[in-house]
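The values are calculated or read from the model by the stated rules, or taken from the named source; none is laboratory data. Small disclaimer: the values here were computed from a predicted structure and weren't measured. Virtual Cβ from ideal backbone geometry, glycine too; neighbours counted across all protein chains shown.
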Amino acid sequence: MLMDPKLLNEEHKMFRDTVRKFVAKEIVPYHEQWEKDGIVPRELWLKAGEMGFLCMDVPEEYGGMGVDDYRFNVILAEEMSRVGASGHVQALGYRFGL
């Protein structure tokens, strides 16, 4: 079940597009192998961090983005689920702030 689109503003929609492209490029092509290997490579975590996807709710003074709008976290979870990114890669979602 997806979040009601009426709850999203333009910033959320742009964020969804960015996350969707990231997931398509950085997760989908490798997900099956990562599941076989039982590990998500460190490079994915680094790329997610560069994009600002990790610990978004951490205050800026501690290196986070200080985002207190949970809809961004929901968007990340929805985009991961949309492509079937499960198992070990889903751990990334926990660092997304879920």
Of the residues 23, 19, 58, only one is farther than 18 Å from residue 87 by Cα and in contact with an Asp or Glu (Cβ under 8 Å, 6 or more places away or on another chain); which? 19
Checking 79, 50 in turn, the sole residue that is modelled with pLDDT of 90 or more, closer than 20 Å to residue 2 by Cα, among the charged types (D, E, K, R) and within 14 Å of the chain's Cα centre (by Cα) turns out to be 79
For residue 97, indicate whether it is surrounded by fewer than 14 Cβ atoms within 10 Å (Cβ to Cβ), at pLDDT below 90 and not polar (S, T, N, Q). no
Which condition breaks for residue 2 when tested against (1) in contact with a helix residue (DSSP H, G or I) (Cβ under 8 Å, 6 or more places away or on another chain); (2) modelled with pLDDT under 90; (3) surrounded by 11 or more Cβ atoms within 10 Å (Cβ to Cβ)? (3)
Matching residues, the range 38-55, being without any contact (Cβ under 8 Å) to a residue 40 or more places away in the chain and closer than 19 Å to residue 87 by Cβ: 41, 42, 43, 47
Name the single residue that is surrounded by the fewest Cβ atoms within 10 Å (Cβ to Cβ) among those in the range 58-79 being charged (D, E, K, R) and under 13 Å from residue 17 (Cα atoms). 78
Total residues in the range 10-46, condition loosely packed, with under 10 Cβ neighbours inside 10 Å and modelled with pLDDT of 95 or more: 2
